[in-house]
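Each remark here refers to the structure printed beneath this line.
Quick note: the coordinates plus some simple rules give every number you see, no bench work behind them. Computed from a prediction, not measured in an experiment: that's the story for all the values here. Cβ: placed from backbone, ideal geometry, glycine included. Neighbour counts: every protein chain shown.
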Amino acid sequence: MKICIACGMPMKDAADYAMGDMTKEYCRFCARPDGTMQSFSEKKMGLTRFLVETQGFDEEAAVQAAVAMMRKLPAWEANFS
């Protein structure tokens, strides 16, 4: 089982991968409609929105949590070095 390099989601089945392509290193939630991986800013905005909507975080706390999560993921290493 692979882990998405952009959000950390476990990817077990083809449906979990971007465009169903099991050679991709990122999941369907981190892909744009054309199958390319979202940018750092797109993912940060998406994670922030997810935390606000599903976890009840306020905007500032959600941004901080999203950045803390992204800091640990290989896709975003260059953004924190």
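Picking from residues in region 5-21 that are without any contact (Cβ under 8 Å) to a residue 60 or more places away in the chain and within 19 Å of Leu73 (Cβ to Cβ), the one that is surrounded by the most Cβ atoms within 10 Å (Cβ to Cβ) is Ala18. For first residues located in region 46-59 and within 20 Å of Arg32 (Cβ to Cβ), partners that are outside any helix (DSSP H, G or I) and lie 6+ apart or on another chain with Cβ distances below 8 Å form the pairs Gly46/Gln38; Leu47/Cys7. Taking the criterion of being part of a loop (DSSP other than H, G, I, E, B), closer than 24 Å to Lys2 by Cβ and among the acidic types (Asp, Glu), would at least one residue in region 22-39 satisfy it? Checking region 22-39: at least one residue is part of a loop (DSSP other than H, G, I, E, B), closer than 24 Å to Lys2 by Cβ and among the acidic types (Asp, Glu). Annotation: Ala75 fulfils all but one of (1) surrounded by 13 or more Cβ atoms within 10 Å (Cβ to Cβ); (2) over 10 Å from the mean Cα position of the chain (by Cα); (3) part of a helix (DSSP H, G or I); (4) not aromatic (Phe, Trp, Tyr); the unmet one is (2). Kindly provide the set of residues from region 43-61 that are under 15 Å from Trp76 (Cβ atoms), more than 9 Å from the chain's Cα centre (by Cα) and surrounded by fewer than 19 Cβ atoms within 10 Å (Cβ to Cβ), ordered by number. Met45, the sole residue that qualifies.
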